[in-house]
Amino acid sequence: MWRGETEVKIGSDKQRAVLALLLLRAGSPVRRQEIIDTLWGDDTPESVVNLVQTYVGRLRRQIDPGKGAYSASTWLAGMGAAYVVRLDRCDVDLVRFRAGVAGARSAASPEESLALLLSALRMWNGPCLADLDHVLRGHPWVRAIEHERIDTLLEAAKTAQRLGRSADVIPQLRAVAAAEPLNEAVHTSLVLALAASGMQAEALAEYGLIRLRLAEELGVDPGSQLRDAYFQVLRQETRYEGVAAAAEPPCPSLLPADIADFTGREKLVEQLGALIADRRPGPIPVSTITGRAGVGKTTLAVHLAHRMSGDFPGGQLYADLRGSAEQPADPSRVLTRFLRSLGIGGQAIPEDADERAELYRTQLAGRRVLVVLDDAADQAQVRPLLPGSPSCSVIVTSRSRMAGWPGAHAVDLDLLEPHHAGDLLAVIVGAERVAPEPEAATELVRLCGRLPLAIRAAATRLAARPHWTLARMAGRMADERHGLDELSDVRATLALGYRRLDEPAQRALRLLGLLDLPTFAPWLVAGVLEASTESAEDLIDALADAYFLDTAGVDAVGQPRYRFHELVRRYARELALREESEATVRTVVIRALAILLALAQDADGRLPYTVRAPLYGRSPRWPPPAAVREPLLADPLAWFDSERPCLVAAVLQAAGLGHDELAWELAAATLNAAIIRTPWAEIGVTHRSALLACRATGNRRGEAVMLRGLGELDHHLGRRQECLDALNHARALFAEIRDAPGEADTAARLDALRERTAPAT
């Protein structure tokens, strides 16, 4: 660490490790608990929070004297229970390394790309955080950075080999090979680079060393890639510097690595594989895989492409189109990369985008090539990248529904089935850890919403913490406010999609996420957002197309219904609590409950008959316009059938937030419909919840009305004494607060029950 030209001495290992964790996530918040778990584990002292705060404070003072945690100009900012290194206030070598690699991948020529890759690699001075290995050994963040270095080095080695400049990467390959003595991919590249640079004897010696090391330390023989490299050296088939490339067109293989724990989509893989391998004359086989963020679209596409690679001897092209990012990939740049991988380089690539696409289609004409276009923004981005020859096949993934694509086979990828979700958890964490805690495993899968990305994130976190039980992880994830902190990958993925929404759709997502309703119809959205039904439907469509909302069928009154995935709801609520004022949050929730209350009481008054006379309180009511209300309540029982789960959820949310008046009025409004339809279990839940809320605030009238309803429940369940006790208690409360109508109604009900059960004379 340097301040200007002065090196800053960091201090103890613990303090340096705190800085290391912050720098590994530079630009993103690092939770204090993450630091504590990493540095202390289960041996956490009581003063650990103060210790972390002390370390962070010292770091801030050392590099930025006089700047507080929340200063606008501090390099190390506080964010509640987290800290973040601000990239606009300091320079981090890891960020510069990544920027160099990104520049290389968008470079105009292979020569420029190689120069940028080598420049980025020269920033390394040994393994990442090598002098903290005793503190951070095996930490997944450190290993991930090491893998970034290795991936970049392998990419540079391939580029250098194509350019006949393998000698340029040998120093970097030797350094990394020494730090990764069992990494076969690195040693394979080193063997090939040595041979391509005219050092065949050294290449064979290097192979002999890694072969002996694998046998002694792991008891295995070299893998197929390393063996193939060895035989290439023996046959002198490596490409020496200055020797022209073979005339045969290259066979590109741009696919990312396949995933080892692919689970739960086997039948779909078979179906898509049959379509992709179809060689009958006709249009190009195009398969579109769409679905919500984290559902496994890329995993499915890459796994399928690897499985089908034998059917495409011409090669496999792959591009991440970054459609969910703020700046999606330019198709013209993707075409340049594809053409280079097909053997076209330098001045041969046209400047004009249309001519570039024409050359691309010409190169693929008659060849069996599989093209995978991952995370597409829309059809316009994909269209220039489609081959022109039906001998090729295309797989497109996207978070947006690509409606109306002629001839495409569309797959809308759903969540994993419960048993497949459990299998994925067991594969990553280990069956031996999952088996003793079946209930906790089921709860973890439920909290992850059967979303593969969430399950993978939770399972990876568990795998890195062998001392954690599944129950402990489930408990942390169940925290309504901080559960998403355990799934940072999920939050980051949702954030990408959120940034692509326009401002009205973003606001709609935030506000609707405040509601606990299991489903909702457009008329409620219109009321909550104070918008017309047409505008509400447009916003719903925007959120549904981006997979922030799911369709939930059509209800009994003919209204389409929508629902949140639970993790999306948590994310939306997190945004609302951060970006909306407390007054707005409170107003939106009360407005939604007031809309439901107004309609429920109106529908109650339209029922064919009523058992208990309605009793009203002081709650706000927000009735929709008559043009909306009348069609909804034309059949009041059908409306109650449609909204029953929502009314139950509304009572529970009102009670949980301390809105006792709304809670008891909503519960009371459902009583007569419940008597007709007999959903008594739900009446018990809502009335008891509202009863507790009323007792907590001393709302005697609400308490009396709820006891009256519970008395009806007890009567219909055959609990005579409980019924009489509840009604007598309600009558006494009505009398105490001088509510004559409530007292008279309850007294009449008591008299009727006593007469009905009196013995015959």
Inset, instruction - Quote the convex hull volume per residue of the range 74-146, based on C-alpha atoms, as a whole number of Å³. - result: 126
Inset, instruction - Scan around His409 for amide H atoms under 5 Å from its own, H built in the peptide plane at 1.01 Å from N, and keep only partners 5 or more places away or cross-chain. - result: Val286, Ser287, Thr288
Legend entry - Volume of the Cα convex hull of the chain, divided per residue and given in Å³: 222
Inset, instruction - Could you check what % of the DSSP bridge pairs in the chain are antiparallel, to the nearest 5? - result: 35
Legend entry - C-alpha long axis of helix 720-736 to longest principal axis of the chain, angle in °: 80
Inset, instruction - Give me the percent of Cα-Cα pairs in the range 112-160 that sit more than 16 Å apart, rounded to a whole number. - result: 44
Legend entry - Helix 566-579 vs. the chain, principal-axis angle (Cα, 0 to 90°, nearest 10): 90
Inset, instruction - On a 0 to 90° scale, report how tilted helix 488-500 is relative to the longest principal axis of the chain, with both axes built from alpha carbons and the result rounded to the nearest 10. - result: 80
Legend entry - Amide H contacts of His565 (H built 1.01 Å from N, under 5 Å, at least 5 apart or other chain): Asp550
Inset, instruction - Mind computing the radius of gyration and Dmax over the alpha-carbon atoms of the range 548-645? Å is fine for both. - result: 16.0, 47
Inset, instruction - Heavy atoms only, probe 1.4 Å: what % of the accessible area of the chain goes to carbon and sulfur, would you let me know? - result: 52
Legend entry - Accessible area per residue in Å² at 1.4 Å probe, computed on the range 615-761: 45
Inset, instruction - Which order do the peptides 285-297, 28-40, 125-137, 462-474 take when ranked by the mean count of other beta-carbon atoms within 10 Å per residue, highest first? - result: 285-297, 28-40, 462-474, 125-137
Inset, instruction - Eight or more residues apart or on different chains, and alpha-carbon atoms under 29 Å: count the Lys pairs in the chain matching that. - result: 4
Inset, instruction - Using the Karplus curve 6.51 cos²θ - 1.76 cosθ + 1.60 with θ = phi - 60°, work out ³J(HN,Hα) for each residue of the range 320-331 in order, rounded to whole Hz, and write x for Gly and Pro. - result: 8, 7, 6, x, 8, 8, 5, 10, x, 5, 7, x
Legend entry - Along principal axes, Cα extents of the range 647-761, largest first, whole Å: 53, 33, 19
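The values are calculated or read from the model by the stated rules, or taken from the named source; none is laboratory data. Just so it is clear, the model here is predicted, and its values are computed rather than measured. Quick reminder, even Gly has a Cβ in these numbers, built from the backbone with ideal geometry, and neighbours come from all protein chains shown. Ligands, DNA and RNA are excluded from the accessible area calculation, which covers all protein heavy atoms including side chains. Shrake-Rupley method; radii C 1.70, N 1.55, O 1.52, S 1.80 Å.
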